[in-house]
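Every number in this text was worked out from the coordinates using simple rules, so none of it is lab data. Everything numeric here is computed off the predicted structure, so don't read it as measured data. Heads up, the Cβs are rebuilt from the backbone with ideal geometry, glycines too, and the neighbour counts pull from every protein chain shown.
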C-alpha cells in the first residue's frame, strides 16, 4: 500500500498554487526557492505518488566488491555449502581475500548464500530394558550434599549421600557418609546387601573412582568395591562414560531429593545428617509413586511376593 505523507500533500498544494499564480508567487507564499518548485514540476505527473522522496541509496560505491571477488565467494560457497561465516572468511583470506568479515556477511546475505544450519542428528534412545524381578539390577550412585544445607559447627565439612535403587520395585536404600571413596562404597555395599529384602544379582554404577579404577591411567586392578562385589557373587555393570542418563533412575531420584529433602533441611553435624536421611529413606519406601501404579515400593514388593507364592 502506497503511503501519502504530509510532505507529499504540501508539494501537491504548492504545485497547484504555482499553476494558478505562477512560480514566483508560489515561492513567496510557501517560503521555498524557485528551483525547488521547478524540480517537483518536472517530476509531477498528476499522481501524488510521483511527489514521494526517491531512494538516496547510491548506485555504486568505491569500495564495493569486484566481480572477481564476488565470483570467488560464489565458488567457495558452492564447494562449502554448510561452512559457517567465520570458517568461510578464513578460507577466503588464505586465498588472498582482503575484505572484512562484515563485508563478506553483507554479500552473502544479499546473494542469499548465508549458511543454512543443518539440524543436529536426533538422539534415538535404545529400547528400555525392563526388569522382571526385584534385585535383577540395582543402580548405585553418590550425591554430594549441597553446602548450603551444612550449617552450624558442621559448616565447611562435606557430606555424601550414597543411594541404591532397585530398577524393578524402585525400593531405595540411602546412607550418609563423610568420605567419598572406594572404601565408603564397599561399606555401603555391605550394608545394602544386609538391608535389601531381596537377593541382588547385578549392580550398575558410573565410572567414578569410588566404584572402579577402569578409567585411571596405568594397569589397575579391581577396586575395593569391585572386589566386594565379586566376593558376594554380584555382577558389576558399568555405564558408558559421561552418559549419566544410563543410570537414569538413581539420577532422577537425586533430583527429587533436592526438591523434597535438601531444599528445606539443614544439618548441624554428621549424626544429625544421618538421622534425617534415615527418616527420609523410611518415608520414600512407603510413599506411593506413579510408575508402580500408585503403590509404594514396599507395597509393590509385597504384591510381587504374593503373586510369586501363588
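As an equivalent ellipsoid, segment 138-309 spans semi-axes of 24, 24, 14 angstrom, where each value is the square root of five times an eigenvalue of the C-alpha gyration tensor, largest first. Quotient of the Cα radius of gyration of segment 14-115 and 2.2 N^0.38 Å, N being its number of residues: 1.90.
The Cα center of segment 256-296 and the Cα center of segment 106-137 differ in position by 35 Å.
Where both partners of a DSSP beta bridge lie in the chain, what percent of those bridges are antiparallel, to the nearest 5? Present the calculation step by step, with values, prior to reporting the outcome.
Values: 14 of 21 bridges.
Among the beta bridges of the chain, antiparallel pairing accounts for roughly 65 percent.
Entry note, the chain: relative contact order of 13 percent, from Cα contacts under 8 Å with a spacing of 6+ residues.
Within segment 138-309, what percent of beta bridges assigned by DSSP are antiparallel, to the nearest 5?
Details: 14 of 21 bridges.
The answer is about 65 percent antiparallel.
Segment 192-239 and segment 60-105 have their alpha-carbon centroids 57 Å apart. With respect to the chain, whose longest principal axis is taken over its alpha-carbon atoms, helix 182-195 is tilted by about 60°.
I'm a student and want to see the number: the projected area of the Cα convex hull of segment 67-110, averaged over all directions, in nm².
Numbers: hull surface 11.1 nm².
About 2.8 nm², averaged over all directions.
Hey, with R₀ at 35 Å, roughly what FRET efficiency would residue 158 and residue 246 work out to, going by the Cβ-Cβ distance, to 0.05? Computed FRET efficiency for residue 158 and residue 246 comes out at 0.85. Over the chain, the reciprocal of the mean inverse Cα-Cα separation, the Kirkwood hydrodynamic radius, stands at 27.4 Å.
Taking a quarter of the surface of the Cα convex hull of segment 6-51 gives a mean projected area of 2.8 nm².
Peptides 134-143, 93-102, 250-259 ranked from most to least packed, by the mean per-residue count of other Cβ atoms within 10 Å: 134-143, 250-259, 93-102.
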